[in-house]
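Undergrad: Sharing a structure here in structure tokens format.
We did not get these values from a lab; they are worked out from the coordinates using the rules stated. Treat the numbers as computed from the prediction; the structure is a model and nothing was measured. So basically every Cβ, Gly included, is an ideal-geometry build from the backbone, and we count neighbours across all protein chains shown.
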């Protein structure tokens with residue numbers, strides 16, 4: 001895993017995230033970040049969580065009587081690996097929209113005090129077993 005802030009490599013042990021709550025857009029001298037990580041770095045814990053999320057979507061859709069994520073239903077609620085291989089855009093959208101906290105908790109096991117906070121996610125792309133995420137961060141002291 002590599003984390004860059006404004007193009008400079010940063011020790012990932014000082015990176016954390018904030019919850020992206022509705023109506024709470026924080027603008028605090030934000031800096032651009034790029035995070036790259038591999039599919040292997042998600043195994044097995046995050047993959048298990050993603051599979052559980054997809055399974056729960058199926059259960060919820062049946063119980064509610066309506067479909068929250070039609071694309072998942074159209075694909076018959078595949079496991080995460082299948083989704084990533086056959087519909088990578090949907091897989092990365094799920095990671096950003098629903099699974100970002102699980103993803104960040106998996107990737108950023110804090111060993112030091114957080115100094116850089118992920119504030120916004122702009123993109124998450126998947127290609128050749130590697131993910132690239134872009135977005136914005138701010139310094140912890142400014143929050």
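Undergrad: Quick check: pseudo-label points 7 Å beyond the Cα along Cα→Cβ at residue 73 and residue 36, how many nm apart are they?
TA: In this crude label model, residue 73 to residue 36 measures out at 3.9 nm.
Undergrad: If I model a spin label at residue 29 and residue 59 as a point 7 Å from the Cα along the Cα→Cβ vector, what separation in nanometres do I get?
TA: 4.6
Undergrad: Averaging sequence separations of C-alpha pairs under 8 Å and six or more residues apart, then dividing by the length of the chain, give the relative contact order as a whole percent.
TA: Rounded, it is 38 percent for the chain.
Undergrad: Let me ask something else. Could the peptides 60-73, 124-137 be put in order, highest first, of the mean number of other beta-carbon atoms found within 10 Å of their residues?
TA: Result, highest mean Cβ count within 10 Å first: 124-137, 60-73.
Undergrad: Could you tell me how many cubic angstrom of Cα convex hull volume the range 64-143 has per residue?
TA: 130
Undergrad: Mind checking the angle between helix 88-97 and the chain's longest principal axis? C-alpha axes, 0 to 90 degrees, to the nearest 10.
TA: Value to nearest ten degrees: 60.
Undergrad: Further question on the same structure: Under a GNM of the chain (C-alpha, springs under 10 Å), which listed residue has the highest mean-square fluctuation: 91, 114, 50?
TA: In the Gaussian network model the winner is 114.
Undergrad: On full extension of the chain, what length is gained from residue 128 through residue 66, given 0.36 nm per residue of separation minus the C-alpha to C-alpha distance?
TA: Full extension of this stretch gives 18.9 nm more.
Undergrad: Here's another thing I want to ask about it. Going by alpha carbons, how many degrees (0 to 90, nearest 10) lie between the helix axis of 45-64 and the longest principal axis of the chain?
TA: For 45-64 against the chain, the angle is about 50 degrees.
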